[in-house]
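For reference, the structure is listed below as structure tokens.
What follows is calculated from the coordinates using simple rules that are stated; it is not laboratory data. Just so we're clear, the structure is a prediction, and the values are computed from it rather than from any experiment. When we count neighbours, we look across all protein chains shown, and the Cβ atoms used for this are built from the backbone with ideal geometry, even at glycine.
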Amino acid sequence: MLFAIDVGNTNITVGLFDGATLLSTFRMTTGIARTSDEYGMFLGDWLSLRSMTRDDIDAVIIASVVPNVMHSLTSGVIKYLHVTPIIVAPGIKTGINVTIPNPKALGADRLVDAVAAYELYGGPVIVVDFGTATTHDLVLADGSFHSGVTSPGIRLAASALWTGAAKLPEIEIKKPDSILAKDTVSSMQAGVFYGYIGQTEYIITKMKEASGLEGIKVVATGGLGKLISENTDKIDIYNPNLTLEGLRLIYEKQ
């Protein structure tokens, strides 16, 4: 079996694969400093709860945008699972040709998402990942990573609103009953929700126009991606496990 580990700025997401089948997932926060023993024991205990052992894990692959957790995480995997993990880094086989001027600057998460969207749904495709940052990346029909747009994520933008304004409360991010809000909380929810819908739709529209390509699919993933995807016709597919699927696909190419 394969452990696919996605280390994001907010969460570490782990998927357990048996072949091409995703059996289960779990998350832990990234912001907490952990030792290699803590990572290893957490993974081992999680397997035990599912009546599996460390010996059931044949391979581990990791994509990370948080360098300072990698030493402890990789050491924990080696020490407790007895597997040397594959790290998604420049030079790894992905099937995606990164054509931007500095390919090494492309985040591992964006590369993994591009692999999954292209392999699962074909190109050209715009991949939208609603994470700590929201990214819109264009992959061409030949599998080339062409370009991308980066903006603050929904939670990050909302947090800036109540952090920067003393009288505004922290709110739940959701679709309000009406955009014609009549109180502070619902007015903030309307601004965050509809503002982000507008941003998403505009960026997708402009990327399609600027590329001049026909038949571009739009695939979304990430925490609040479901909320946005359900409320716009600009997104064709929402796949919450896109990054994990991309990690599996990259592992199979090695």
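Per-residue extension of 0.36 nm, minus the Cα-Cα distance of ASP56 and LYS217, leaves a gain of 54.2 nm for this segment. Its DSSP H runs of at least 4 residues, each contributing -39,500 (n - 2.57), put the calculated 222 nm mean residue ellipticity of the chain at -12000 deg cm²/dmol, to the nearest 500.
Using R0 = 41 Å, the C-beta based FRET efficiency linking ASP233 and HIS82 works out to 0.25.
The candidate values are [x] 134; [y] 122; [z] 143; the one derived from this structure for volume of the Cα convex hull per residue in Å³ carries the label [z].
Give me GLU170, GLU214 ranked fewest to most by other Cβ atoms within 10 Å of their Cβ, as a rough exposure proxy. All intermediate terms of the calculation are to be shown ahead of the outcome.
Details: GLU170 11, GLU214 7.
Ordered from fewest to most neighbouring Cβ atoms within 10 Å, GLU170, GLU214 come out as GLU214, GLU170.
Under a Gaussian network description of the chain, with springs only between Cα atoms under 10 Å, the residue in VAL98, VAL83, VAL185 that fluctuates furthest is VAL185.
Pairs spanning more than 20 Å between alpha-carbon atoms, out of LYS93/LYS208; LYS208/LYS253; LYS104/LYS217; LYS206/LYS234: LYS93/LYS208; LYS208/LYS253; LYS104/LYS217. Extension gain, THR184 to ILE92, is 28.2 nm, computed as 0.36 nm per intervening residue step minus the present C-alpha separation.
Take the alpha carbon gyration tensor of region 90-149, find the square roots of its eigenvalues, order them as a ≥ b ≥ c, and report rounded if a/c is under 1.5; if not, report prolate when a/b exceeds b/c, else oblate. Since a/c stays below 1.5, the shape of region 90-149 is classed as rounded. Distances between placed amide hydrogens fall under 5 Å for VAL218 paired with ILE126, ASP236, ILE237, all partners being 5 or more residues away or on another chain.
Distance between the modelled labels on GLU38 and ASP18, one decimal in nanometres: 3.2 nm (7 Å Cα→Cβ projection).
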